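Working notes for the structure below.
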Amino acid sequence: MDKKEWPLWEIFIRSKSGLSHKHAGSLHAADAEMAIEHARDVYTRRNEGVSIWVVKSSEVIASDPEDEYMFESAKTKIYRHPTFYDIPEEVGHM
Amino acid sequence: MDNHNNIHSLEAKFEAKIDSEIKIEPKDWMPESYRKTLIRQISQHAHSEVVGMLPEGNWILRAPSLRRKVALLAKVQDEAGHGLYLYSAAETLGISREELYQQLLTGKAKYSSIFNYPTLSWADIGAIGWLVDGAAIMNQVMLTRTSYGPYARAMVRICKEESFHQRQGYEILISLSRGNAEQKKMLQDAMDRWWWPALMMFGPHDSASTHSEQSIKWKIKRKSNDELRQDFIDATVLQANYLGVNIPDPKLKWNEERGHYDFGDIDWEEFWNVVNGNGPCNKQRIKDRKKAYEGGEWVREAAMAHAEKRAKRKEEKVA
Ligand SMILES: [Fe+2]
Ligand SMILES: [Fe+2]
């Protein structure tokens, strides 16, 4: 079959102003405009959104889940967390 | 490390994730059989949502009031969305949408056999919402905790939308239960026809279910067919009593000792007969899906051609 399929788009929805866009799912559409219309019809039927981003799935670059060392170095650096430091209780909340 | 060892360590890692309730995501390594099982189950689920629109669509133009019509229309629209969420989840496993459609249209893939029964009266629309969506909800609530991330996320979204489906169906039946003798008869007739097929939705007995055991081990499923069926019956009897409708099972009886309802034997011959293509509407359903697919072909092509033209025009402007 040499018929071209509609490409896949990743859909991001901002549920209300003040919050960031969040991945909602994906869908097929001929172009970005249609992807936004379809996203409105499937992902915001109950007022779930005030803004939509669409990104062609093929344009998403992802980290490699098999790369064991990718997130390794942060694991041992507990001194990056506030609880690592001892502050006397008398000082109050810090 | 040689290849053989490699596979073993990947498998061990996969199983460790399953054991510690870490979801499997699309790019993670997974056994081929896990992938295949998921594609089969998720696509079957997607096809069910899509084919499930047909028996209900049959009544949209004949809904008895505007209130009922907008509700049914919104419900059927939701089911289309459910189909989409699930097809997308299946596609993350490396199968294309086109291939999934073809599997449905050629009969290679199955869908829930409940949708091969006809909707003969308006009461059937109530019964579908109450019993069919009710049974689906039992299954889908369990699947929000399935081990494959995209499937679980699709299920969370679907479950949020399902609750209204069951409620609008039950409300239809409440109206009928308070109606005249003819309406009450319609209600009972729908109950008589939908009760057993609804119980069959959970699939064969655990002892006869080929995929169940492995699916539970992989935490694709969290409860067996028989457990889900029992949960459904236990939850539904009270709702039937409120409607004053008779459940067509003389063996249905509360069992104090088990803390569950006992119920009669399911007609598995009927079940397999419908699964194997000989239900009242199997041929009609596939015919309708084919008609929609083929009828939409020129629209899909025209949209693509339009998009390409528009992209080219933009390019020319920039240049
Ligand atoms: Fe659904
Ligand atoms: Fe539903």
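Figures for the structure shown
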{"quantity": "Whichever residue in the range A:16-32 is open to solvent by 40 Å² or more (accessible area, probe 1.4 Å) and within 13 Å of chain B (Cβ to nearest Cβ) and, among such residues, is farthest from B:Pro26 (Cα to Cα)", "calculated": "A:Lys22"}
{"quantity": "Identity of the residue in the range A:33-60, aliphatic (A, V, I, L, M) and facing chain B (nearest Cβ under 9 Å), that ends up surrounded by the most Cβ atoms within 10 Å (Cβ to Cβ)", "calculated": "A:Val42"}
{"quantity": "Lone unmet requirement of (1) surrounded by 22 or more Cβ atoms within 10 Å (Cβ to Cβ); (2) under 18 Å from B:Asn225 (Cβ atoms); (3) of a type outside the set (Val, Ile, Thr) for B:Leu187", "calculated": "(2)"}
{"quantity": "The lone exception for B:Ser20 - which of (1) free of Cβ contacts under 8 Å to residues at least 60 places away in the same chain; (2) open to solvent by less than 30 Å² (accessible area, probe 1.4 Å) it fails", "calculated": "(2)"}
{"quantity": "Flag for B:Gly57 being under 18 Å from B:Asp124 (Cα atoms), within 15 Å of ligand 1 (Cβ to nearest atom), surrounded by fewer than 20 Cβ atoms within 10 Å (Cβ to Cβ) and not aliphatic (A, V, I, L, M)", "calculated": "yes"}
{"quantity": "Flag for B:Ala80 being within 14 Å of ligand 1 (Cβ to nearest atom), open to solvent by 30 Å² or more (accessible area, probe 1.4 Å) and assigned to a helix (DSSP H, G or I)", "calculated": "yes"}
{"quantity": "Some residue of the range B:259-272 being part of a helix (DSSP H, G or I) and within 14 Å of another protein chain (Cβ to nearest Cβ)", "calculated": "no"}
{"quantity": "Search result, residues across the range A:46-65 that are assigned to a loop (DSSP other than H, G, I, E, B) and under 20 Å from the mean Cα position of the chain (by Cα)", "calculated": "A:Asn47, A:Glu48, A:Gly49, A:Val50, A:Val60, A:Ile61, A:Ala62, A:Ser63, A:Asp64, A:Pro65"}
{"quantity": "Given (1) surrounded by 19 or more Cβ atoms within 10 Å (Cβ to Cβ); (2) among the charged types (D, E, K, R); (3) away from chain A (no Cβ under 14 Å); (4) over 22 Å from B:Asp192 (Cβ atoms), number of the condition B:Asp124 does not satisfy", "calculated": "(4)"}
{"quantity": "Any chance B:Ala311 is within 14 Å of chain A (Cβ to nearest Cβ) and surrounded by 11 or more Cβ atoms within 10 Å (Cβ to Cβ)", "calculated": "yes"}
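To keep it simple, each residue is scored yes or no on (1) in contact (Cβ under 8 Å) with a residue 60 or more places away in the chain; (2) surrounded by 16 or more Cβ atoms within 10 Å (Cβ to Cβ); (3) within 16 Å of ligand 1 (Cβ to nearest atom); (4) within 12 Å of chain A (Cβ to nearest Cβ).
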| residue | (1), (2), (3), (4) |
| --- | --- |
| B:Pro31 | no, no, no, no |
| B:Lys36 | no, no, no, no |
| B:Gln44 | yes, yes, yes, no |
| B:Ser48 | yes, yes, yes, no |
| B:Leu66 | no, no, no, no |
| B:Ser88 | yes, yes, yes, yes |
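The values are calculated or read from the model by the stated rules, or taken from the named source; none is laboratory data. Nothing here was measured: the structure is a model prediction, and the numbers come from that model. Cβ coordinates were reconstructed from backbone atoms using ideal geometry, including for glycine residues, and neighbour counts include every protein chain displayed. All accessible areas refer to the heavy atoms of the entire protein, side chains included, with ligands and DNA or RNA removed. Shrake-Rupley method; radii C 1.70, N 1.55, O 1.52, S 1.80 Å.
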